[in-house]
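I have placed the structure first, in the form of structure tokens, so that the comments after it can refer back to it.
The values are calculated or read from the model by the stated rules, or taken from the named source; none is laboratory data. Just so it is clear, the model here is predicted, and its values are computed rather than measured. Note that we place each Cβ from the backbone using ideal geometry, even for glycine, and neighbour counts take in every protein chain shown. Each accessible area value is taken on the protein alone, full model and side chains, heavy atoms only, with ligands, DNA and RNA left out. Shrake-Rupley method; radii C 1.70, N 1.55, O 1.52, S 1.80 Å.
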Amino acid sequence: MAACAADGVHIGQDDGSAAAARAAVGPDRIVGRSTHAPEQGAAADADPDVDYLAVGPVHATPTKPGRPAAGLGYVAWAAANIAKPWFAIGGLDATTVGAAVEHGARRIVVVRAVVEAADPAAAARDLRARLEVPVGSAQP
């Protein structure tokens, strides 16, 4: 990571401890942790070496084949229980992000919704606008 001057590292549940990642990147870099269930979310939220969490996958996604969807219930749980910054991830696009927002997501991670779009910049702007819709309002 130091060789590429990255701002941080993101680790999955099978990638070792956040403490080991923190030791590798130092105190001034970001450490993120993937979580798939409330127990993992609570553990990452309490871990002083984790700066942010990914919550998901919300929906099944070919980006993570074989990983079952955590569902919108986990998004709602995270909104009510996670103090650290967290991002909903997995199968989110213009047709699914509204439900994630309705369940409390305020940040998302996407891959296909942008990189496979005919106009990636427009797709990113559209997703951003959908995140900024006030809770309880109709999605654009």
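Values computed for the structure shown
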{"quantity": "Residue within region 20-29 that is touching a helix residue (DSSP H, G or I) at 6+ places or on another chain (Cβ under 7 Å) and at pLDDT 95 or above present", "calculated": "no"}
{"quantity": "Region 3-14 residues that are open to solvent by less than 60 Å² (accessible area, probe 1.4 Å), paired with ones that are assigned to a helix (DSSP H, G or I) (beta carbon under 6 Å, 6 or more apart)", "calculated": "VAL9/ALA21; VAL9/VAL25; ILE11/ALA21"}
{"quantity": "Residue check, ALA80 in contact (Cβ under 8 Å) with a residue 12 or more places away in the chain and assigned to a helix (DSSP H, G or I)", "calculated": "yes"}
{"quantity": "Single match in ALA43, ALA23, ALA19 (criterion: open to solvent by 80 Å² or more (accessible area, probe 1.4 Å) and outside any loop (DSSP other than H, G, I, E, B))", "calculated": "ALA23"}
{"quantity": "Tally, over region 89-110, of residues that are part of a helix (DSSP H, G or I), farther than 23 Å from ILE11 by Cα and of a type outside the set (Asp, Glu)", "calculated": "4"}
{"quantity": "Flag if GLY73 is at positive phi and either touching a residue at least 60 places away in the same chain (Cβ under 8 Å) or not hydroxyl-bearing (Ser, Thr, Tyr) (or both)", "calculated": "no"}
{"quantity": "Residue within region 52-65 that is of a type outside the set (Lys, Arg), farther than 20 Å from LEU131 by Cβ, free of Cβ contacts under 8 Å to residues at least 24 places away in the same chain and open to solvent by 40 Å² or more (accessible area, probe 1.4 Å) present", "calculated": "yes"}
{"quantity": "Any hit, region 68-88, residues being modelled with pLDDT under 95 and open to solvent by 60 Å² or more (accessible area, probe 1.4 Å)", "calculated": "yes"}
{"quantity": "Residue within region 62-75 that is assigned to a helix (DSSP H, G or I), more than 23 Å from ARG112 (Cα to Cα) and in contact with a strand residue (DSSP E or B) (Cβ under 8 Å, 6 or more places away or on another chain) present", "calculated": "no"}
{"quantity": "Condition met for ASP49 (at pLDDT 95 or above, buried (at least 16 other Cβ atoms within 10 Å of the Cβ) and in a loop (DSSP other than H, G, I, E, B))", "calculated": "yes"}
{"quantity": "Filter pass, ARG33 being open to solvent by 60 Å² or more (accessible area, probe 1.4 Å), under 30 Å from CYS4 (Cβ atoms) and modelled with pLDDT of 95 or more", "calculated": "no"}
{"quantity": "Residue count for region 112-125, restricted to those that are surrounded by 15 or more Cβ atoms within 10 Å (Cβ to Cβ) and in a loop (DSSP other than H, G, I, E, B)", "calculated": "1"}
{"quantity": "Among (1) in a loop (DSSP other than H, G, I, E, B); (2) modelled with pLDDT under 95; (3) surrounded by 12 or more Cβ atoms within 10 Å (Cβ to Cβ), the one test that PRO134 misses", "calculated": "(3)"}
